[in-house]
1. Identify the residue in segment 199-211 that is under 18 Å from THR86 (Cβ atoms) and in contact with a Lys or Arg (Cβ under 9 Å, 6 or more places away or on another chain) and, among all such residues, is surrounded by the fewest Cβ atoms within 10 Å (Cβ to Cβ).
2. In segment 79-95, what residues are assigned to a strand (DSSP E or B) and not basic (Lys, Arg)?
3. Using the structure shown, decide if THR82 is under 30 Å from VAL268 (Cβ atoms) and within 16 Å of the ligand (Cβ to nearest atom).
4. Considering only segment 286-301, I want to know if a residue exists there that is over 25 Å from TYR416 (Cα atoms), of a type in the set (S, T, N, Q) and surrounded by fewer than 20 Cβ atoms within 10 Å (Cβ to Cβ).
5. Which of the residues spanning segment 297-312 are assigned to a loop (DSSP other than H, G, I, E, B) and among the hydrophobic types (A, V, I, L, M, F, W, C)?
6. Give me a count of the residues in segment 235-257 that are in a strand (DSSP E or B) and in contact with a helix residue (DSSP H, G or I) (Cβ under 9 Å, 6 or more places away or on another chain).
7. Check whether at least one residue in segment 380-387 is away from the ligand (no atom under 15 Å from the Cβ) and farther than 22 Å from LYS184 by Cα, and report yes or no.
8. So, THR70, is that one within 16 Å of the ligand (Cβ to nearest atom) and either in contact (Cβ under 8 Å) with a residue 24 or more places away in the chain or outside the structural domain of ASP412 (by TED's automatic domain parsing) (or both) or not?
Amino acid sequence: MNSDIDLARIAVIGAGPMGLAAAYVAARAGAQVTVFERDDRIGGMSAFIDFAGTRIERYYHFICKPDQTTFDYLKEFGLEHTLRWTETKMGFYFNGRLYDWGHPRALLTFPGLGLIDKIRYGLHVMKAKGVDDWRPYDAFSSTQWLKQSIGERAYDVLWRSLFHFKFYELQDQLSASWLGTRIKRVALSRKSLFTEEMGYLVGGSEVLLDAVHDRLRKLGGEVRLNAGVEQVCIEGGGGAARASGVKVNGEVLPFDRVISTIPLPYLVRVMPDLPADERAKVAAIKNVGVVCVLLKLKQPFTRNFWMNINDPRIEIPGLIEYTNLNPLDGTSIIYAPYYMPQTHPKYRRDFQTFIDETLGYMKLIRPDFDPAAQVLASTASRYEFAQTVCSPGFYDALPPMRSKVRGLYMADTSHYYPEDRSISESVRIGTQLAAMAMDDAR
Ligand SMILES: Cc1cc2nc3c(=O)[nH]c(=O)nc-3n(C[C@H](O)[C@H](O)[C@H](O)COP(=O)(O)OP(=O)(O)OC[C@H]3O[C@@H](n4cnc5c(N)ncnc54)[C@H](O)[C@@H]3O)c2cc1C
């Protein structure tokens, strides 16, 4: 163990997967690490709740075959045995009818598109699957890319409503790189051309997060819950500015280095002294929020894990029937995500309004569905910065992970770019943040 690192006191802000990974890697290298978490639990977007007797993620989570960092972590923590793969089914609710989706036969028999559109769509997915360097795709928008590749009609049928009910007025501001890596991630998570396979952990993401937390404690690190950082303290000015600690619950605590893993718009709020150019970069990045409805039903709603929706009466991009991936206790668990810019008039509605709306949509999808007889429990969760809007030129738009303020390292889910949000990416970026801090400590 390096004695300099041994002396480094590191504050990590946020106990989501990224903060925990950064803390663990720094503690393993010999630093004294304290993680500050505003919430009453670890996990951030991957946090668990007790949902009418079922421990479950607040937001749906699945694992794809390219999630290599997750697999490495499972190995490191002796948890490989918790990983399960399920042959999942996909559905597409299009203009009042539910179709099979996600395999060539479904595509060929789908009546909403002509043969040429279908061939173009299939080729587009295959092409995305083969792309290794997404940089050239950073130059243009996903809308432009899709319309050119699959045509206007296929774009309208397959993509427009998915984008609209996630990003609304920002729907045309997404880069092709961001979309392409998402298509590739799911496309690579197949057992064969005909079968999609998605993964989950027995016990959920919580087993992995708890294992990291436990190991961190054994290494002398600590996670403080209900401990929101109110300020990142800076010493000196201009080029000599240095992170010197954090203020938590009114108390200033000295640290040698600060690693921030909270959504960057929050960091700007607790760090008015962030250099102007870094602050401007953070301010230019847009995010959408999410309100995610969670339902527990007596019986399965469909046989699909994932259902995309394109129907003028339904204002969500899809439904996720989680128990068709992870069977749990025999009940059916459904997630209905309402993504939208935080400025959208719907965003601040109370949870019951979202729940009632979802049940109404489900009745449209399955007129025989009787919420009074089926629903055992319902709840919802809200996350303010749930999805970054990764626009063309995003590589250059990203703020640096190593700030000009010495001893300050910062990242959030936008730094996965061009990859999409995932626990795997959180761990990868958290590890990089800790490596930077450790390098500087040496
Ligand atoms: C709807 C939804 C579905 C998802 N589906 C999947 C999926 O299927 N598979 C997958 O792998 N990933 C999925 N993800 C993504 C995954 O959850 C995230 O990539 C991951 O949790 C991000 O971790 P993080 O640590 O980077 O950030 P976060 O999870 O955002 O953690 C940040 C933490 O910082 C805390 N914090 C904020 N401000 C302060 C402060 N001032 N002081 C102290 N703490 C603070 C927050 O409370 C939070 O705990 C999904 C996310 C969402 C929202």
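The values are calculated or read from the model by the stated rules, or taken from the named source; none is laboratory data. Since we're looking at a predicted model, the values are computed, not measured. Positions of Cβ are generated from backbone atoms using ideal geometry, with glycine treated the same way; all protein chains shown enter the neighbour counts.
1. Only one residue tops the list, namely VAL202.
2. Across segment 79-95, the qualifying residues are LEU83, TRP85, THR86, GLU87, THR88, MET90, GLY91, PHE92, TYR93, PHE94.
3. So THR82 does not fit the description; no.
4. yes
5. Step one: filter segment 297-312 for residues assigned to a loop (DSSP other than H, G, I, E, B), giving 298-305, 311-312.
The answer is PHE301, PHE305.
6. Here is the first cut: in segment 235-257, the ones in a strand (DSSP E or B) are 235, 242-248, 251-254, 257.
Filter again for in contact with a helix residue (DSSP H, G or I) (Cβ under 9 Å, 6 or more places away or on another chain), leaving 246-247, 257.
Of the residues in that region, 3 qualify.
7. Of segment 380-387, the ones away from the ligand (no atom under 15 Å from the Cβ) are none.
No - not one qualifying residue is present in segment 380-387.
8. Values: within 16 Å of the ligand (Cβ to nearest atom): yes; either in contact (Cβ under 8 Å) with a residue 24 or more places away in the chain or outside the structural domain of ASP412 (by TED's automatic domain parsing) (or both): yes.
In short, yes.
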